[in-house]
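Q: The structure under discussion is supplied below as structure tokens; questions concerning it will follow.
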Amino acid sequence: MNEKQSEKPVVYFCRRITADNLVNIYRMLGREAKGRVAIKISTGEAGNPNHLSTDVIKKLVHLVDGTIVECNTAYDGRRNNVADHLQTAAEHGFTAIAEVDIMDAEGDISLPVRNGRHLKENFVGKNWRNYDFTIVLSHFKGHPMGGFGGALKNVAIGMASSAGKAWIHTAGQSKTVPVDWDNIPPQNDFLESMAEACESVFDVAGENILYINVANNLSVDCDCVAEPEAVEMKDIGILASLDPVALDRACVDMVYNSDDPGKAHLIERIESRNATHILDYAEQLGLGSQNYILETVEPV
């Protein structure tokens, strides 16, 4: 079954996380990454071992002749400037498999937000305009602020410039970096701002974008945390869709439906941050659907 055969978006799922299965699930989507391809991942903060494995992603990266893209952070650390960020990417093996482009190395560009309650514009890394197609390749896991991080967060915060990240975190109040974390707006304003930022990116990308989540190393903390809490839940697998809302919802559902008792801490993180509000609001904005069809793909 493909997207055109159902009104509901299809989410493809493979339990076994390997390079071949990642390529296979990409092909299942039926949308070829053409031209200059940006592969948006998180390079992971220095010292964090939970980021995506280069052994898993390099075959797909090479297949599409992709460039790994990132933007600098809005907090103090080893990824808040280009030189340190590239060094961290090298330490994590990414520069060995592809060119790494820190897209806000020379600033950002403004994208209009059509339906923003909080944002009227979104600021993404300037170099994004150099690409024809974007593969949003996300490590699905917990997150200290968002509750969970998947495709939507990888687009919203991940593609935002350093100043753009501050803009989203403050719900359109400030581009000052580093963010004053003691004076940020209510949680739902942040979650809604992330969804609004996604809208601006999706409007520009059109059909030249797709979404893959690798749900493994499921700590409650993101790859942006230098010393994350221990992984307590077993790996889930690879999921992919042309609908990012459906994809993130499917990942959350799999956490809740898992028979792994280690899920309790991750669920607490999701619920304590009201994390699924981003899915509700993104659906309200018309960015996707939480009502999906799950299609299991046999491992290759």
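Q: Mind putting a number on the dipole of segment 129-239 about its Cα centre? Charges go on the C-beta only, +1 for Lys and Arg and -1 for Asp and Glu, and I need it in Debye to the nearest 20.
A: 200
Q: Could I ask something else about it? Among the lysines, select those whose C-alpha is under 19 Å from the C-alpha of Lys234, and discard any that sit fewer than 8 residues away in the same chain.
A: Lys141, Lys263
Q: Roughly how many whole Å is it from the C-alpha centroid of segment 176-206 to that of segment 77-135?
A: 15
Q: Something else: Which of Gly30, Ser110, Val231 sits farthest toward the positive end of the charge dipole of the chain, with +1 on the Cβ of Lys and Arg and -1 on the Cβ of Asp and Glu?
A: Gly30
Q: Here is a further query. Under 19 Å from a label point 7 Å along Cα→Cβ of Val300: give me every residue in segment 229-262 with its amide N that close.
A: Answer for segment 229-262: 237-242.
Q: Looking at the chain, send over the antiparallel percent of its DSSP beta bridges, to the nearest 5. If you can, show how the numbers build up before the last one.
A: Numbers: 18 of 39 bridges.
Close to 45 percent.
Q: About its Cα centre, how strong a charge dipole does the chain have in debye, to the nearest 20, once Lys and Arg get +1 and Asp and Glu get -1 at the Cβ?
A: Numbers: 27 positive and 43 negative charges, 109 e Å.
Dipole of the chain, to the nearest 20 debye: 520 debye.
Q: Can I ask one more? Could you work out what % of the accessible surface of the chain is carbon and sulfur, using a 1.4 angstrom probe and leaving DNA, RNA and ligands out of the count?
A: C and S fraction of accessible area: 45 percent.
Q: Quick check on segment 61-132: what are the equivalent-ellipsoid semi-axes from the Cα gyration tensor, as sqrt(5λ), descending, whole Å?
A: Result for segment 61-132: semi-axes of 25, 17, 9 Å.
Q: Got the relative contact order for the chain handy, in percent, Cα pairs under 8 Å and 6 or more residues apart?
A: For the chain, the relative contact order is 25 percent.
Q: Could you tell me the accessible area of Asp180 in Å² (1.4 Å probe, neighbours in place), rounded to the nearest ten?
A: 80
Q: Using the basic label-point model (7 angstrom from Cα toward the beta carbon), what is the Arg36 to Asp180 distance in nanometres?
A: Going by the 7 Å Cα→Cβ label model, 3.8 nm.
Q: Roughly what would the spin-label model give for Lys126 and Arg15, points 7 Å off Cα along C-beta, in nm?
A: Roughly 4.9 nm, to one decimal.
Q: Let me ask you something else. Cβ neighbours within 10 Å, averaged per peptide: list 91-100, 154-163 in order, most packed at the top.
A: Descending packing order for the listed peptides: 154-163, 91-100.
Q: Now for a different question. Using only the Cα atoms of segment 7-121, each taken as one equal point scatterer with no solvent, compute I(q) by the Debye sum, divide by I(0), and report log10 of the ratio at q = 0.13, 0.16 Å⁻¹.
A: Taking Cα atoms of segment 7-121 as identical point scatterers yields -0.65, -0.91.
Q: In nm², what is the average projected area of the convex hull enclosing the Cα atoms of the chain?
A: Averaging across all directions leaves 13.4 nm² for the Cα convex hull.
Q: Using the structure shown, list the pairs from Lys126/Lys175; Lys153/Lys175; Lys8/Lys120; Lys59/Lys126; Lys126/Lys153 with a Cα-Cα distance above 21 Å, or answer none.
A: Lys8/Lys120; Lys59/Lys126
Q: Counting pairwise Cα distances across segment 111-259, what percent come out greater than 27 angstrom? List each step's numbers first, then the result.
A: Details: 2367 of 11026 pairs.
Of all Cα-Cα distances in segment 111-259, 21 percent exceed 27 Å.
The values are calculated or read from the model by the stated rules, or taken from the named source; none is laboratory data. Predicted model only: the values in this text are computed from it and were never measured. Counting neighbours? That spans all protein chains shown, and the Cβs are built from the backbone with ideal geometry, glycine included. Note: areas computed on protein heavy atoms with side chains; ligands, DNA, RNA excluded. Shrake-Rupley method; radii C 1.70, N 1.55, O 1.52, S 1.80 Å.
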